[in-house]
Amino acid sequence: MLPLKIKPYLINIYEEIDDGNSIIEGELSCCEKQEFEITYDGLIKKSFLMGTYLYSDDNKLVLEAKCKHCGRKILIFDSSTDGFSNCEKKPNRNVSRLKSFDCKKCNKNNYTVKIKYEYSDIQELIEEGIENIDNAYSWIWVSLKCNECNSEYRKLIDFETA
């Protein structure tokens with residue numbers, strides 16, 4: 001189980017089962033490289049305990065990666081269409097609002113992206129009549145590592161979708 005739009009771009013996939021829930025994580029890759037420019041819609045907040053993370057007063061977050069080699073754009077997360085609560089909706093976003101996520105240390109935009117999903121027990125999803133099970137994840141975490149200075153943004157997105 002992985003969102004179909006992300007599945008072709010994830011490598012080093014690791015899966016574990018915890019109390020019937022599946023935790024699946026991997027690294028974004030395109031052109032056999034892991035170098036992406038990141039854009040987002042939302043607000044950046046810094047916390048001593050949580051570090052730098054994205055949030056929104058209305059829970060509308062978008063995170064997109066653009067391959068530094070071929071220019072392909074990969075929509076990593078859109079809170080209005082992705083995850084359990086939205087798994088049957090069609091995308092409807094305003095990409096012109098996306099802003100560049102530049103590293104706070106070196107001011108570059110070149111990242112390795114790690115994505116982690118949590119899915120409820122597949123049998124529960126089937127019993128609830130969910131047709132698009134691959135997009136019915138209940139939680140997403142996205143972390144970035146700057147390829148220029150090695151700064152890390154752990155859990156830039158830490159979002160419950162159910």
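The values are calculated or read from the model by the stated rules, or taken from the named source; none is laboratory data. Being a predicted model, the structure only gives us computed values, none of them experimental. Glycine also receives a Cβ, built like all others from the backbone with ideal geometry; neighbour counts cover every protein chain displayed.
Beta carbons closer than 7 Å, at least 6 apart along the sequence or on distinct chains, pair a first residue in region 27-41 that is farther than 13 Å from GLU64 by Cβ with a second that is part of a loop (DSSP other than H, G, I, E, B) and of a type outside the set (A, V, I, L, M) for GLU27/GLN34; CYS31/HIS69; CYS31/CYS70; LYS33/HIS69; GLU35/LYS68; GLU35/HIS69; GLU35/ASN110; GLU35/ASN147. Among the residues of region 106-146, the one identified as more than 18 Å from the chain's Cα centre (by Cα), farther than 17 Å from GLY83 by Cβ and either surrounded by 18 or more Cβ atoms within 10 Å (Cβ to Cβ) or among the aliphatic types (A, V, I, L, M) (or both) is ILE126.
Residues that are surrounded by fewer than 16 Cβ atoms within 10 Å (Cβ to Cβ), under 24 Å from MET50 (Cα atoms) and among the charged types (D, E, K, R) do occur in region 94-102, at least one of them. Applying the criterion of being at pLDDT 95 or above and in a loop (DSSP other than H, G, I, E, B) to the residues of region 144-162, the residue that is nearest to LYS66 (Cα to Cα) is ASN147. I'm trying to understand the selection: among the residues of region 6-16, which are in a strand (DSSP E or B) and of a type in the set (D, E, K, R)? Passing the criteria: GLU15, GLU16.
Taking every residue in region 134-152 that is of a type in the set (A, V, I, L, M) and pairing it with any residue that is crowded, with 21+ Cβ neighbours inside 10 Å and assigned to a loop (DSSP other than H, G, I, E, B), at least 6 positions away or on another chain, the pairs with Cβ-Cβ distances below 7 Å are ILE140/GLY83.
Tell me, please, whether a residue that is closer than 19 Å to GLU148 by Cα, in contact (Cβ under 8 Å) with a residue 40 or more places away in the chain and hydrophobic (A, V, I, L, M, F, W, C) can be found in region 3-25. Within region 3-25 (the criterion being closer than 19 Å to GLU148 by Cα, in contact (Cβ under 8 Å) with a residue 40 or more places away in the chain and hydrophobic (A, V, I, L, M, F, W, C)), the answer is no, since none of the residues qualifies. Counting just the residues of region 150-162 that are under 16 Å from THR52 (Cα atoms), out of contact with any Leu (no Cβ under 8 Å at 6 or more places or on another chain) and not small (Gly, Ala, Ser), which one comes out surrounded by the most Cβ atoms within 10 Å (Cβ to Cβ)? Result: LYS155. Scanning region 28-43 for residues that are surrounded by fewer than 19 Cβ atoms within 10 Å (Cβ to Cβ) and modelled with pLDDT under 95 turns up just one, LEU43. The residue pairs whose first member lies in region 61-88 and is at positive phi and touching a residue at least 24 places away in the same chain (Cβ under 8 Å), whose second member is outside any loop (DSSP other than H, G, I, E, B) and hydroxyl-bearing (Ser, Thr, Tyr), and whose beta carbons are closer than 6 Å, counting only pairs six or more residues apart or on different chains, are GLY83/TYR137. The residues of region 70-99 that are under 16 Å from TYR119 (Cβ atoms), at pLDDT below 85 and of a type in the set (Gly, Ala, Ser) amount to a single one, SER85.
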